[in-house]
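Read-outs throughout are calculated quantities, based only on the coordinates presented, and are distinct from any laboratory measurement. As the structure is a computational prediction, the values presented were derived from the model and not from experiment. Using ideal geometry, Cβ is built from the backbone for each residue, glycine included, and neighbour counts are taken over all protein chains shown.
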Amino acid sequence: MKFTVESVIKKAPRIGQLHQFKGSAEINLETPLAVLHTQAGHIPHITHEVFKLISKEPHILQIPLVSIHNYSDVMQTYNGDIAEFIGNKDSLTYITLNDPSNLTKQGHHVKEKVPVFTKNGKVLYDSKKYMSLIESLKPDMYCLLSDGDTNIASAQKRLTKSVDNTVIFNEQCISYHKKSLALKDAFVIAPIAGGYCSKSRQKCLELILPNNKYVQGYLIDGLHNNGPEVEFLPFNDVSHIVEEIIDNLPIEKLKANLNRKICCSYIFYR
């Protein structure tokens, strides 16, 4: 999969295109675009059959890893990819760590590990465990592991640890990715940590940009802890940090965020 920038105009939405998908070379998706949120690959309150009646266009399904953790043992022995496993092989799959529709619990931090709160309790993921599951899923797109447990009220100590962990995860995950034949065609998105601190964001960028050639996009992570309350987060509180991050990223790379309200506001703001 590749991302191509077609038009860049200051203070306006950037026009681009996602294309050259594995096994679907004829599909071209224009950006900006929104991905479809799912739970374990299934759109809430819509059956697979109804979804096919609603739209015959190709879509990107955002699948939170927290929602498919319980299938990890099965996927290790399954020969197909996650799209086939969920019975939606005509759609494109995008794996993220947390579920943006549910509040992510704060705390429970462990050095070089990230807590994931599944239905069966807390599970700690390090880079190796995370990438092993990603490799078994064989998604079209996925985010590297990150420590995005920050928000507008986070202390500097938490921001520093968030950046340090994310930088370590970035290096370890990319090292794993480069050795994986199953992931050689996957579209890699690197999260950027640092909360609302410009210096922390800049430090994270400086330390992960040396791996820029191995990623195709960047995720603005750590602005909130997900869940319904994000709808009430004033855009003016996040606009300055979002703009600063994007202005310091390579033009040719895809930029992503896991909140509909922030993404849409920023598109029109720019």
> Can you give the helix-only mean residue ellipticity at 222 nm for the chain, where every DSSP H stretch with n ≥ 4 adds -39500 (n - 2.57) and the sum goes over all residues, rounded to the nearest 500 deg cm²/dmol?
Replying inline: -10000 deg cm²/dmol
> Taking K255 as the anchor, which lysines have their alpha carbon closer than 19 Å to its alpha carbon, excluding any fewer than eight residues away along the same chain?
Replying inline: K2, K10, K11, K203, K213
>> Defining a contact as two alpha carbons under 8 Å apart and six or more residues distant in sequence, what relative contact order in percent does segment 2-269 show?
In response: 16
>> At a 10 angstrom cut-off on C-beta neighbours, averaged per residue, how do the peptides 160-168, 37-45 rank from highest to lowest?
In response: 160-168, 37-45
> Å³ per residue of the Cα convex hull, for segment 2-269?
Replying inline: 127
>> How big is the dipole moment of the chain about its Cα centre under a simple scheme where the beta carbon of each Lys and Arg is +1, that of each Asp and Glu is -1, and everything else is neutral? Debye, nearest 20, please.
In response: 500
>> Can you give the FRET efficiency to the nearest 0.05 for D247 and K213, using r as the Cβ-Cβ distance and R₀ = 30 Å?
In response: 0.90
>> Could you tell me the calculated FRET efficiency between A182 and N236, based on Cβ-Cβ distance and R0 = 41 angstrom, to the nearest 0.05?
In response: 0.45
> What ranking do 192-200, 231-239 get when scored by the average of other Cβ atoms within 10 Å per residue, highest first?
Replying inline: 192-200, 231-239
> Once you wrap a convex hull around the alpha carbon atoms of segment 127-245, what is its projected area averaged over all directions, in nm²?
Replying inline: 7.5
